[in-house]
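A.B. asks: To start, I am sharing the structure in question, which I have written as structure tokens.
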Amino acid sequence: MSPPRSWFRQGPMRPVIEVGKVIKLSHPQPSKWRICEVLHEYDLQRHENAPRPSYTSILLSGYEIGGSRRPSMMRVVVQIPSIETQLENSTVRAKEATSLRTSGFRAFLTFTKEGSTFTPPLLGYLEDGQDRSGLVPGGYITYYAWEVVPGIRLGDDTGKASLFWTLDEKEREEIRDAFRDTFVKITSMRVWPDTAGAPNLVWNSKTKTLTWVGFRDCDVNAKPSPWKDLALPLFDLVKAPNNLWLYPDWNGETSEWKY
């Protein structure tokens, strides 16, 4: 087995993610999902003595067949061989087989259990194992789908809240109020999104609701945190003239912040 440039676009996983392909999920009830677009791929290949197994994941867009056809996203997560065993035969690779729930999947299960109204709803999932032709025979493969929430993402690829600052002052304050409320709620569930910042926030101006997104490799053991004003410049929802708010001995002075 030679190491591929893409674990999904060649080898045993390729037929699984073709556009038009139907994927069956089992929970919370059986459902079928059609793939519309193949998006981003991400992999984390570790050494064989690492405390957690290697994996690759891919993001798909699609819709539920026979359902409401609401726009949805699906992530497929697959165990892959460690760096040392990727060239070995299937018998050797199978020795690394294990089961695992990635932090992104665990976050969605937590949101569902807690009845979250400010994160994308989990629509369905399947926890399965790879067959003998798999990348790691007997290793885990997980599918989970969530609803695409309507609205605008407030941040850009640089982490700045570029779209937020195009809105009028009244709406910016509405967003900050929603942010303060949901900030405390999400940390109380011990979840914190990837590289947290404005790109993790989606604002629906019609319903005046703020949704947190971006949980692929999130922290699911975060400490609950009370509200602190420093979260505003951290997410670029205010403009601070300096970075004093980053220091532990910051005195809480906000009079020069631009709202």
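The values are calculated or read from the model by the stated rules, or taken from the named source; none is laboratory data. Everything numeric here is computed off the predicted structure, so don't read it as measured data. In this analysis, Cβ positions are derived from the backbone assuming ideal geometry, glycine residues included, and neighbour counts consider all displayed protein chains.
A.B. asks: Return the residues of the range 45-92 that are among the aliphatic types (A, V, I, L, M) and closer than 20 Å to PHE215 by Cβ; say none if nothing qualifies.
C.D. replies: ILE58, LEU59, LEU60, MET73, MET74, VAL76, VAL77, VAL78
A.B. asks: Okay, moving on. Quick one: in the range 223-252, which of the residues that are charged (D, E, K, R) and surrounded by 12 or more Cβ atoms within 10 Å (Cβ to Cβ) is farthest from the chain's Cα centre (by Cα)?
C.D. replies: Going through the qualifying residues, I end up with LYS239.
A.B. asks: Being of a type in the set (Asp, Glu) and in a loop (DSSP other than H, G, I, E, B) is the filter here, so list the residues in the range 174-208 that pass it.
C.D. replies: Across the range 174-208, the qualifying residue is only ASP194.
A.B. asks: Quick check on my filter: what residues within the range 220-244 are part of a loop (DSSP other than H, G, I, E, B), of a type in the set (D, E, K, R) and within 15 Å of LYS258 (Cβ to Cβ)?
C.D. replies: Of everything in the range 220-244, those that are part of a loop (DSSP other than H, G, I, E, B), of a type in the set (D, E, K, R) and within 15 Å of LYS258 (Cβ to Cβ) turn out to be ASP229, ASP236.
A.B. asks: I would also like to ask the following. Out of all the residues in the range 210-221, which are crowded, with 17+ Cβ neighbours inside 10 Å, out of contact with any Leu (no Cβ under 7 Å at 6 or more places or on another chain) and not aliphatic (A, V, I, L, M)?
C.D. replies: Correct list: THR211, GLY214, PHE215, ARG216, CYS218.
A.B. asks: Given the criterion under 15 Å from THR209 (Cβ atoms), of a type in the set (Ser, Thr, Tyr) and in the same structural domain as GLY214 (by TED's automatic domain parsing), identify the matching residue among THR182, THR166.
C.D. replies: Only one candidate qualifies: THR182.
A.B. asks: Here is a list: VAL149, VAL213, VAL220. Which entry is over 30 Å from GLN130 (Cα atoms) and under 15 Å from the mean Cα position of the chain (by Cα)?
C.D. replies: Selected residue: VAL149, the only one of VAL149, VAL213, VAL220 that is over 30 Å from GLN130 (Cα atoms) and under 15 Å from the mean Cα position of the chain (by Cα).
A.B. asks: Scan the range 226-248 and report the pairs whose first residue is touching a residue at least 12 places away in the same chain (Cβ under 8 Å) and whose second residue is assigned to a strand (DSSP E or B) and of a type outside the set (Phe, Trp, Tyr), with Cβ atoms within less than 9 Å and a gap of 6+ or a chain change.
C.D. replies: PRO233/LYS239; PHE235/LEU201; LEU237/LEU201; VAL238/LYS258; LYS239/LYS258; ALA240/LYS258; PRO241/LYS258
A.B. asks: Restricting attention to the range 93-121, and to residues there that are modelled with pLDDT of 95 or more and of a type in the set (Val, Ile, Thr), which single residue is nearest to the chain's Cα centre (by Cα)?
C.D. replies: My answer is THR119.
A.B. asks: Also, quick follow-up: List pairs: first residue in the range 4-32 and within 30 Å of LEU87 (Cβ to Cβ), second residue surrounded by 13 or more Cβ atoms within 10 Å (Cβ to Cβ) and of a type in the set (Phe, Trp, Tyr) anywhere in the structure, Cβ distance under 7 angstrom, at least six positions apart or on different chains.
C.D. replies: MET13/TRP7; ARG14/PHE8; ILE17/PHE8; ILE23/TRP33; ILE23/TYR143
A.B. asks: Right, something else. If you go through the range 16-33, how many residues are more than 15 Å from ILE141 (Cα to Cα) and within 20 Å of the chain's Cα centre (by Cα)?
C.D. replies: 2
A.B. asks: Look at the range 195-209 and say how many of its residues are exposed (fewer than 14 other Cβ atoms within 10 Å of the Cβ) and modelled with pLDDT under 95.
C.D. replies: So the answer is 1.
A.B. asks: Among (1) in a loop (DSSP other than H, G, I, E, B); (2) in contact with a helix residue (DSSP H, G or I) (Cβ under 8 Å, 6 or more places away or on another chain); (3) surrounded by fewer than 19 Cβ atoms within 10 Å (Cβ to Cβ), which single condition is TRP165 missing?
C.D. replies: Among (1) in a loop (DSSP other than H, G, I, E, B); (2) in contact with a helix residue (DSSP H, G or I) (Cβ under 8 Å, 6 or more places away or on another chain); (3) surrounded by fewer than 19 Cβ atoms within 10 Å (Cβ to Cβ), TRP165 violates only (1).
Matching residues to (1) among the aliphatic types (A, V, I, L, M); (2) touching a strand residue (DSSP E or B) at 6+ places or on another chain (Cβ under 6 Å):
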site	(1), (2)
THR166	no, no
LYS170	no, no
VAL184	yes, no
SER188	no, no
LYS258	no, yes
